[in-house]
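Right, one structure below, let's go through it.
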Amino acid sequence: MSAQRDHPSQTSAKLTLLFGVFLVLVALSTLIAVTHVTDLHHDEHLVYRFSEGTLVETIQYLAFQDVHPPLWFSSFWLWKNLVGTGEFTGRLQAILFALLTISLVYRLGREWFRSWVTGALAAAVLLTNAYFLAYAVEIRPYSAGMFLATLSMLLFMGWLKTGRWRYGVGYAVIAAAMLYVHYFLAFVLVAQTLYWLIQLVSATRSGTGARPLRRVWPHPAMLLLAAALWLPMLPVFVSQVNVLRQLAIEAGNAAASGLGTPATTAATNLTTLTRLVTLATNGLWPLYLAALLLAGLARKRYRYTGLTWWWALGIPAISLVINIWAAVYTPRYVVSMVVGLALLTALGLSFLPRRWMLTAGALFVIANGLTASQHLPQRIPYRDIFRAISASALPGDVIAFVDGNTDDTVKRWNEAAYLTGLPDRRDHPTPESLESVRRVWFITGDLFAPDVEAWFRALEPTHPVQTVLGDCNRQWCYVAQLMEAPPLTEPIVFGDVLPFYGADVDAVTGTSIELRLWWRVDAPLSADWSIGVQLLDETGRLVSQQDGPIRHYGIDTVQTSQLQPGKIYMDVRSVPLPASVPEGTYRLVLVVYQPWDGTRITTGDGSDMVELSQIPLGQ
């Protein structure tokens, strides 16, 4: 009996499922990658602080001492207590909401615009948009808000299209949930209501009969149901509005009405609009504009384009208009607009002839992805800096914080999370107190402050810099420098004139031995001696060597006659290893000799070599 073949619809369903799984995996990989370049900021730290106590304490704090609704914070409290308090686990909750959003966008593009290609393009545009990515991994309510806004659009249109009560009730429940997550998700509900009013007027004027009106007029009933579900929050909301009013007045950004949020500092003007356009388009506004123009040409083909336009442009427009009267605008409050923008952009690209569409879509997504990193938030990478210190620090190291920002709560949080195993941390110690410490991690966010520069100059002559972590740029400044003194306090002197202050063997790999030699002369030398590092076997036979003048930090070649008195020179060497080395313990030794005749320079005890280390090899 021959095997039964899949029905074409079954095959299509399987391909759709496989593509959906692929899309989710790509989205998950992208979002996890974004977490590695996203650093905790102060508002995210507040989330951890707000949720420190019990669930009841968290809700009470939000109700009486803060201005946020409780649903998302309650969910975060449960999530944190279930999976842990780490930064990545906190972001993982946001990522899960973002994955749901991506999945819904694919579905909406496929159903609303009758093409899986449009759905795939919309998901790809969204996934490469910095505005979406920044809030899709943030430990705040915005990723959940984007998901709820997208789900509400699906249910809203299903309700208007079919009139089925399951869509209407589902929409009402999600609408209430949105307001329990973030008050400014109300902008989404306002945009939907304005769209409904336009549809109602259009249906009435067209005289198309009672059936379309039956699908339109019950919308107020669903809004009333949503309001009834949200009603228990009303007393808390009124109290929080009064708190916000006072905070906004104190912050000086309460607008004409005296209402607003302390976080809102952007007035409704051309500059604010330009910044939003740049953020929402990764700076590629001409490309997005071209796609939107094409979407405008396609508006009569699909009944859902009107709602998508309200989603993409109506939400920020509503916020900016209200912002004239009450300070309610900042980009994160309207981030749900970017989902509608991705759908419109994909619709415009799919309007192109098929022979151009895929190429234009691929090029658009590539350009979007290449520019996304330029528009992601730039914050101090405490996590990366402190992790690098923890990986490199040795017992006895001192962490010296030399700045005026020792009470930065985000820095302290990152210290506790990532600066592990290093108990000797000091706030603004004096350079004199660290002279006896060999390795000092000099950390500052005020690199160019005169007192910090003076501190650095005081320690640097005896503790030259070995490693620099962090940066100082236009967005942020935070630097950690490993300042290290030589291994020996009393040198071994070659020829009574060339003091050697010890060696550090930093690494033994399969191909080389990496080490540093420390030199400092008290007076100029007249001769140019050669310095050799040799590897000897147990019989004293030479196995390998590396000779030559001093290589200061492995970069500058310095002859012994060029050494400046009082300056520490870091001679970085790499001794090559043969392809196969018999098992045994090898001696790494240092010799100084006259290159013109090979005569070795002896030390004070008459020896012509100094043993640096014993190296086990071949094991």
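Tell me, yes or no, whether the range 146-159 has at least one residue that is more than 30 Å from L31 (Cα to Cα), over 35 Å from the mean Cα position of the chain (by Cα) and at pLDDT below 90.
Yes, the range 146-159 has at least one match.
In this structure, does P487 turn out to be at pLDDT below 95 and either hydrophobic (A, V, I, L, M, F, W, C) or more than 29 Å from the chain's Cα centre (by Cα) (or both)?
Spelling it out, it is not the case that P487 is at pLDDT below 95 and either hydrophobic (A, V, I, L, M, F, W, C) or more than 29 Å from the chain's Cα centre (by Cα) (or both).
What pairs come out if I take residues in the range 581-610 that are on the phi > 0 side of the Ramachandran plot and pair them with residues that are buried (at least 17 other Cβ atoms within 10 Å of the Cβ) whose C-beta lies under 8 Å away, six or more apart or interchain?
Close Cβ pairs (under 8 Å, with a partner that is buried (at least 17 other Cβ atoms within 10 Å of the Cβ)) amount to G584/L617.
Would you point out the residue of the range 190-202, among those that are of a type in the set (A, V, I, L, M, F, W, C) and touching a Phe, Trp or Tyr at 6+ places or on another chain (Cβ under 9 Å), that is surrounded by the most Cβ atoms within 10 Å (Cβ to Cβ)?
Here the residue is A191.
Taking the range 93-115, which residues are out of contact with any Leu (no Cβ under 8 Å at 6 or more places or on another chain) and under 20 Å from I366 (Cβ atoms)?
none
Within the range 66-76, is there a residue that is touching a residue at least 12 places away in the same chain (Cβ under 8 Å), assigned by TED's automatic domain parsing to the domain that holds V241, more than 25 Å from L179 (Cβ to Cβ) and crowded, with 17+ Cβ neighbours inside 10 Å?
no
Please verify whether the range 512-521 includes one or more residues that are farther than 26 Å from Y586 by Cα and in contact with a strand residue (DSSP E or B) (Cβ under 8 Å, 6 or more places away or on another chain).
yes
Residues that are within 20 Å of A227 (Cα to Cα) and among the aliphatic types (A, V, I, L, M), at least 1 per element: which helices (runs of 4 or more DSSP H) completely within the range 106-190 meet that?
Output list reads 142-162, 165-181.
Sort out which residues of the range 297-320 are outside any loop (DSSP other than H, G, I, E, B), in contact (Cβ under 8 Å) with a residue 12 or more places away in the chain and small (G, A, S), and write them in order of number.
G306, A312, G314, S319 - these are the residues of the range 297-320 that are outside any loop (DSSP other than H, G, I, E, B), in contact (Cβ under 8 Å) with a residue 12 or more places away in the chain and small (G, A, S).
Looking at the structure I just gave you, is G283 surrounded by fewer than 22 Cβ atoms within 10 Å (Cβ to Cβ) and in contact (Cβ under 8 Å) with a residue 60 or more places away in the chain?
When the stated conditions are applied, G283 passes them.
Within the range 357-371, does at least one residue satisfy the condition of being surrounded by fewer than 22 Cβ atoms within 10 Å (Cβ to Cβ) and either of a type in the set (D, E, K, R) or assigned to a loop (DSSP other than H, G, I, E, B) (or both)?
no
What number of residues in the range 450-475 are surrounded by fewer than 16 Cβ atoms within 10 Å (Cβ to Cβ) and either in contact with a Gly (Cβ under 8 Å, 6 or more places away or on another chain) or part of a helix (DSSP H, G or I) (or both)?
Of the residues in that region, 7 qualify.
For residues that are at pLDDT 70 or above, assigned to a helix (DSSP H, G or I) and over 15 Å from L307 (Cβ atoms), tally how many sit in the range 204-221.
Counting residues in the range 204-221 that are at pLDDT 70 or above, assigned to a helix (DSSP H, G or I) and over 15 Å from L307 (Cβ atoms) gives 4.
For the range 409-428, name all the residues that are surrounded by fewer than 18 Cβ atoms within 10 Å (Cβ to Cβ) and in a loop (DSSP other than H, G, I, E, B).
The answer is T420, G421, L422, P423, D424, H428.
How many residues are free of Cβ contacts under 8 Å to residues at least 40 places away in the same chain and more than 17 Å from Q199 (Cβ to Cβ) if we restrict to the range 140-163?
Residues that pass the stated criteria total 1.
Kindly provide the set of residues from the range 322-343 that are assigned to a helix (DSSP H, G or I), hydrophobic (A, V, I, L, M, F, W, C) and modelled with pLDDT of 95 or more, ordered by number.
Correct list: V334, M337, V338, V339, L341, A342, L343.
Just to be sure I understand, how many residues within the range 375-399 are outside any helix (DSSP H, G or I) and either closer than 15 Å to N473 by Cα or of a type in the set (A, V, I, L, M) (or both)?
Looking only at that region, the number is 10.
The values are calculated or read from the model by the stated rules, or taken from the named source; none is laboratory data. This is a predicted model, so every value here is computed, not measured. As a convention, Cβ positions derive from the backbone with ideal geometry for all residues, glycine included, and neighbour counts pool all protein chains shown.
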